[in-house]
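Just below is one structure, and these are the notes that go with it.
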Amino acid sequence: MYKIVVSNQCACFKKSDLKNNLTFTSKDEALLKAIEMKDFMNKSFCKKHEFDLQEMYNNFVISFYTDVRDTCCGNGCCS
């Protein structure tokens, strides 16, 4: 089984008709749906976040990063 997980659920996602934790038997089908969801979220949501897609084991994880991570200096003080 392959799963699409939306790890960061912003208000736009919660208001949308998109579902979290979708499962598929085919890896290709899961990947295509995950790309479709990520692209829709990046084009249609409020643009406060940019969504990214990563493969982790049998999961395709859609997430975004907060401003703290994006402006972090990298020495661990921003965590």
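The values are calculated or read from the model by the stated rules, or taken from the named source; none is laboratory data. Note that this is a predicted model, so its numbers are computed, not measured. Positions of Cβ are backbone-derived with ideal geometry, glycine not excepted, and every protein chain shown enters the neighbour counts.
Observations
- Scanning region 45-65 for residues that are surrounded by fewer than 17 Cβ atoms within 10 Å (Cβ to Cβ) and touching a Cys at 6+ places or on another chain (Cβ under 8 Å) yields C46, K48.
- Region 8-44, subset surrounded by 13 or more Cβ atoms within 10 Å (Cβ to Cβ) and of a type outside the set (A, V, I, L, M, F, W, C), residue nearest to Y65 (Cα to Cα): N8
- Spans of strands (runs of 3 or more DSSP E) in region 16-79 with at least 3 residues modelled with pLDDT of 95 or more and closer than 11 Å to K3 by Cβ: 22-24, 59-63
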